[in-house]
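Coordinate-derived values only; no laboratory data. These numbers were taken from a predicted model, which means no experiment stands behind them. A quick note on method: Cβ atoms are made from the backbone with ideal geometry, for glycine too, and the neighbour counts reach across all protein chains shown.
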Amino acid sequence: MTTRPRRPAVLLVLLAAALLYVLAGAAPASAHTELVRSTPKDGAEVGRAPAHLTLTFDEPVELNDVRVMTLDGDRLPVSRAPRGGGATVRAALPEVAPKNGELALTWSVVDEEDGHASSGRLAFGIGTAAAPAAQDRGDEAAPAPSPSVRHGLVAARWAGYLSLALFIGGIAFVALLWPRGAGEPRARVMLTVAWTCGLLSTVVALGLQGAYAELGGLDDALSASAYANVLSTGPGLALAARGLLWVLAAVVLSALLQGGGRTARSPGWRVGALAVSLGLLRATGMTGHNSEGTEPTWGALADLVHLLGASLWTGGLAMLAVAVLPRRDPDELALVVPGYSKLAGASVAAIAVAGLVLAWQVVGSYDALLHTSYGQLLLVKTGVLALVLFAAWRSRQWVRTRLELAVLLRGEAATVRPFGYSVAAETGLVLVVLAVTSLLVTADPGR
């Protein structure tokens with residue numbers, strides 16, 4: 001429902017050409033926060049146990065985002081180093097005793113922008129032969145986030161993206177195209193379920209982010225300390241803000257459910273719904289890769305437009321499939337379907353333009369696009385999106401050639417059924433796109 005006949009192939013060619021152009025002129029891909037050097041350095045031999053360990057990262061870090069621990073699990077105090085700026089910190093080693101002539105510690109740092117955790121192990125020989133360096137110890141020596149926690153975060157993000165799209169897109173669909181739908185039971189149930197899942201997924205993601213930052217397991221995601229610790233980090237505050245905005249969204253939703261179509265037409269309610277929706281979109285984008293490039297402001301703006309377009313498209317599709325088409329009301333079809341077709345077209349254009357900006361910001365080169373997990377996931381997402389555009393084109397064809405017939409036949413099932421199949425396919429493929437998007441948020445752009 002987004003393009004004119006014979007236009008999808010041309011649109012895809014233009015998008016591919018634009019993507020190649022921006023990648024050709026963009027900067028190298030940006031990675032997450034990584035350790036540049038340590039003093040003493042890993043594997044060094046020192047005459048006695050040092051009083052402190054100095055860590056220098058490749059970008060400024062917050063003290064709350066850095067953890068240095070003994071192998072027994074004791075966390076060491078971390079402070080700013082006298083020199084080195086915001087990228088250098090110092091961990092005190094007052095009572096850390098070497099074992100078998102070796103002092104071993106683990107470190108981890110959470111990226112301030114997207115919450116990605118990097119970690120490693122450092123070991124020093126004390127008054128004896130040098131300790132094995134990281135490349136000689138093997139991968140098992142370095143701590144890493146739990147796979148179960150990582151998978152849980154991906155699932156929570158997928159649920160969060162889906163809930164956001166269904167809620168914001170559904171609210172916009174009712175307010176702009178179908179005010180009468182505020183009284184339709186199916187529409188009301190969809191909006192209520194979307195709000196509930198949005199709030200719950202945010203609360204779950206907050207605990208999982210805490211366990212992820214602490215390199216803990218699923219049990220740690222349920223602990224009060226995980227929630228307390230993550231709220232001192234940038235990603236944790238963004239998740240908390242999203243949770244509060246979901247609470248405010250309950251006011252918007254309850255007003256709509258109580259007032260029905262009259263509320264949906266109210267300018268005051270629409271302004272409130274717009275403010276809460278933009279807040280939810282921005283809070284969601286604050287835990288992504290959009291601000292890691294050379295132009296973080298443009299990245300944040302592109303991410304907002306990208307999420308808004310995806311929400312209007314996806315939520316509108318769901319509302320169309322769940323609440324409008326089952327009614328087969330010819331007057332509603334004649335009024336709602338053409339309007340949504342135009343809205344979806346504008347949304348897809350916004351998604352395409354904003355997606356190109358984000359690709360330029362985050363991926364940045366042909367090599368990163370082809371040889372990193374992030375770039376490969378982005379290609380998968382683009383491929384699935386091409387299938388979605390094809391399904392949308394089929395829907396658009398039906399609107400242009402069969403809608404008037406469906407209205408004349410008073411919504412006869414056999415006439416509307418092909419359109420319903422196309423919308424269902426489009427909706428299912430969009431769910432796959434959201435799943436790949438959840439994986440992209442977890443993936444490292446530089447690897």
Flagged in segment 256-275 as out of contact with any Phe, Trp or Tyr (no Cβ under 9 Å at 6 or more places or on another chain) and of a type in the set (Val, Ile, Thr), in numbering order, are Val271
Which one is farthest from the chain's Cα centre (by Cα), of the residues in segment 183-215 that are buried (at least 19 other Cβ atoms within 10 Å of the Cβ) and not in a helix (DSSP H, G or I)?
Glu184
Is it the case that segment 72-82 has a residue that's surrounded by fewer than 16 Cβ atoms within 10 Å (Cβ to Cβ), of a type outside the set (Ser, Thr, Tyr) and in a strand (DSSP E or B)?
yes
Within segment 259-271, does at least one residue satisfy the condition of being surrounded by 20 or more Cβ atoms within 10 Å (Cβ to Cβ) and under 16 Å from Ala182 (Cβ atoms)?
yes
